[in-house]
Amino acid sequence: MEGDTFSGLGNGTQVDGKVLQTFQKSFGQVQNILDQNRLLINEINQNHESKIPDNLSRNVGLIRELNNNIRRVVDLYADLSSNFSKSLEASSEGDSGGTLKSDGKLGQKRIRPG
C-alpha cells in the first residue's frame, strides 16, 4: 500500500496510501476513546443511580477521565482536519503534487501518469 495513490475523493484528487493509513489510525484512536467513554458514562450513571456515597465520590474521578478523553478526541479531530487540508492543498499543486507523510509533515512526491 505504501506509495499507492487513490482517487476516491470524487473530485479527481489523488490521495497517497500513507495519508489514508494515517487517517485510519487516527479514526481508530478516536473510536477506541469513544468506546471507553461509553463504558465510563455507563459506570457514572450506575453510580449516580445507586446514590451510595462512595460511588458518588468515585464519579468525580470518572467524570475527570471522561473530560480528558473528550479533549483527546477534539485534539485528534483537529489534527485530522489540519492534515486533511494540507493533503488536499498538496495534491492540488499539479503534476508534482505534495503528499502528506504519516508523521503529518508535507513532502513532495511525483504522481506518475497511467
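The values are calculated or read from the model by the stated rules, or taken from the named source; none is laboratory data. Only a predicted model underlies this, so the values are computations on that prediction, with no experimental measurement involved. Every residue, glycine as well, gets a Cβ built from its backbone with ideal geometry; the counts of neighbours run over all protein chains shown. When the accessible area is computed, the model is the full protein with side chains, heavy atoms only, and any ligands, DNA or RNA have been set aside. Shrake-Rupley method; radii C 1.70, N 1.55, O 1.52, S 1.80 Å.
Taking the full set of protein chains and a 1.4 angstrom probe, give the accessible area of LYS51 in square angstrom, rounded to the nearest 10.
Answer for LYS51: close to 140 Å² accessible.
Which FRET efficiency value, to the nearest 0.05, do you get for SER57 and ASN37 by plugging their Cβ-Cβ distance into 1/(1 + (r/R0)^6) with R0 = 35 Å?
The calculated FRET efficiency here is 0.95.
Would you rank GLU49, GLU43, GLU89 by solvent-accessible area, highest first, keeping every protein chain in place and using a 1.4 Å probe?
Of GLU49, GLU43, GLU89, the descending order of accessible area is GLU49, GLU89, GLU43.
Go through the range 52-65 residue by residue and turn each phi into a ³J(HN,Hα) via Karplus (6.51, -1.76, 1.60, θ = phi - 60°); whole Hz please, and just put x for glycine and proline.
Once rounded to whole Hz, the list reads 7, x, 5, 5, 5, 5, 5, 4, 4, x, 5, 5, 4, 4.
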